[in-house]
Structure formats: structure tokens, C-alpha cells
Amino acid sequence: MLAEKLLLHVLIFLAPVLIYGVLFQKRRIDQSPYCYGLLHGVAALLCLVFAHYDYGLYWDFRYVPLVLACLYGGPISGGIVLGFILLTRTFLGGDALLFGYISVLTAALLPFLFTKKFMNYKPKKRVRMAILIGTWPAFVMLGILLTFMSVQGFSSNQEILINIFLFGAIQIIGIGFAAMMNEMVIERHIMKQEIQRSEKLNTLGELAASIAHEVRNPLTVVKGFLQMMKSEKKGDGYEYIPLVLSELGRAEAIINDYLNFAKPEFKKIETFRLSDVIYEVMFLMEGLAVKHGVELVNEFDSNCLIKTDRNQLKQALVNFVKNAIEATGEGDTVTIGVKPSGNFAIVKVTDTGRGMDKDQLDRIGTLFYTTKDKGTGLGTTVSLRIIQSMDGKVSYKSELDVGTEVTVCLPIESPKLNVQ
């Protein structure tokens, strides 16, 4: 009888995950805490209503929706579910009402402690953490059960022990399955966003390439005639020609960025030592760092080889370091680290600057978005495209008034090299 009831409860607390995944496809779980909390609150209510009553206690999985709501929906969702449980338990009454209140508040303590940092973990670790945190209410209920039985004078027997084991096993398996389903919903949402973003960037890239090709031709003609006029050194307004040529050069550089954004062109593929490129980047950026009063620090722990276009990689890394320097105040530091990780080299550019909030982080890489007062944001977008074309990955981690960390992951051609 107990097993049948508990399996019914498993279906009850899995239902909110399925409903949310279908009805709220366009929103992340933590972006709609009220709806997520309401769905799990109803699940907790149903678990209590259809609980198995034995030995003066209600045997149910009311705490599984509470754990899931706290971890995946945040403190607001968890608070809603906690309110549902307290109100329902009060309505049901019973001899063990006081023990029920103690059980609820004690079981909610651990999940609420992890509400802020849980979503910062990686998906696999989140599943493991959900299972571990989900076992806490089971231990709480076991403690409450034993305490209540001792107060009431019940004697333990084999049937009680079997029920306790069955209860714990089904709860752990159920919460693990529910956590995996939540991760599937989150992964689907992220994949959908990435597909939409990729389609948008491809469309913009094709448009940028066609415009850039059309504009480059007349610019090349104008630049050629101006260079001829400059070589003759005569005519009115000669002193303005170098300025015009300089601005044409800047316009040509912007057009090249658009073409790079549309499709990065790797003209010369070679094998080289990654640390050599990092040193070149630091040398190029030293002047800008001195101008801003920023100290450049290197932390190299790798002599790995990279096979790609050296100049394109340098362009991307220069942009990341330049952004870090410009976001950092005088007297602070920008650290560039390199270390191997399996078949990849990890380059980290860390600054102690002003940092970014969550909304700014989400928009990084969007065409024409920048956090600077001046700039188009095209440099960062191009840099991300370059790294992606190298089969690499770029990730950002930032906190306001603490700093930003850019992690570039690049495939290694060879993990070792004899240093000469």
C-alpha cells in the first residue's frame, strides 16, 4: 500500500516539470519563479492530501517539490511551496501537527541555503547536488518519526524499517529523475536560444558581407587616386590628403571587421606555441596598459602547440585583453593565464575592473552591443566568431565591482613542445 502511494507521489511531483516545459518554453525556470513555485506548491499539496497515514504520521513526498522549487526556481519559488505545505498541514491537523511544523521548517533549511549558488554549478553537478540535498528531508522525517514513536510509546518492528527504507529509496530515485528532467528543460531552452542567435548572426553576416564588398570597391578607387595626388605634392588642400587617407584606412579596417564577422578567413594555417602569441599580445598591449595605469600579469603553465591562423588568433586575444584593460581602473591588474586541460588549452583573461551584471553578460557577443561609452561592439563579436571558427569556445564570468574573467578554450595540436 505504501509503495503504491509513493509511486503516485512521484508522478505528482514530476508533473510540474512536464507542465512547465510545455507551457513555458520561452522562459527559463528561474525567470518565472511565481509560476514554477505555484506548480510545485500544488504538487506538494496533492502529496499531502493523498498521503499514506500510518503510525500517527503522514508518509508522503511533500518535500521533493520544496527541494526542486528552492534549487531550480530560487527563494521565491521555495517560499511559495513552503507556504502551501504549512497551510495544507495546518488544515489536515492530526496528533503530530507540532512535529509536522518542526519537520517542515527543518527540511526547508538546507534547500534554502543553496538557492543562490545552485544554478552556478554545472548540469551534472546540479543533479548530484539535488539528490544529496533531497536526502536531507528524508533524514529529517526519519528523525521526526523515531522521536514521535518514542514519545507515543510505539515499538519499532520489521515492517516499519522496511517502510523507512522503501520511502528513502523511492525519494532519492524520484528526485534524481526530476532533476534530470529539469536539466533537459534548461538545456532545451539554451539550445533554442543558441539556434535563434546563430540564425540571426548568419543573416547579419551575409548582409554585412554583401554591403562590405559593395562599399570596398569605391573606397579602393578613391584611396588610389588620393595616393596619386599625394605623390605629386601639389594642388590646393594637399595638407588634408594624409587625414583623408587615414580615415579611409579606418573605414577599410571596419569593412574588414564586417567581412571577418561574416566569415573569418584563415589565410595561413600554421603550428605554433600558444605562449609565444600570448607574449606578443602582452607586448602590443603594454602601452595601453601603461596609459591606463594597469599592470599586466602573466601566469603561464603550458607550452602547448596550436594549429590555426596565428594573426586571427592574435586579433581575437588582443580584443579580449584590450577590453579588460579599458574596464580596469588605475592601479588594478589584468592577468593572462594559460594552462592545459585534456585536449584543450585554456586561456583566461581576468581583470579587477567594474564587472558586468547578468543582463550585460547575456548580451555579450550581440552585434553592436558594447558596455563602453565609445565603440560599436563589433570587435568582440568578430573575436567570438574567430574562436568559434577555430573549434574553440569563449565563456564569460563577471560580477559587478569585482571584475570579469574571459575563458578561451582552444583545441591543442600537441600538448608538449621542447622549449629552446
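Throughout, read-outs are computed from the coordinates displayed, never taken from laboratory work. Just so we're clear, the structure is a prediction, and the values are computed from it rather than from any experiment. Here the Cβ positions follow ideal geometry from the backbone for every residue, glycine too, while neighbour counts run over all protein chains shown.
Per residue of segment 322-338, in order, report the coupling 6.51 cos²θ - 1.76 cosθ + 1.60 (Karplus, θ = phi - 60°) as ³J(HN,Hα) in whole Hz, putting x for Gly and Pro.
Karplus values, whole Hz, x for Gly and Pro: 4, 4, 5, 5, 5, 8, 10, x, 4, x, 8, 10, 10, 10, 10, x, 9.
Between residue 120 and residue 361, what is the label-point separation in nm under the 7 Å Cα-to-beta-carbon projection?
Label-label distance for residue 361 and residue 120, simple model: 0.8 nm.
Report the Stokes-Einstein translational diffusion coefficient (µm² s⁻¹, integer) for segment 278-362, Rh taken as the Kirkwood radius over Cα pairs, at 25 °C with viscosity 0.890 mPa s.
On the way: Rh = 13.7 Å.
Estimated via Stokes-Einstein, D reaches 179 µm²/s.
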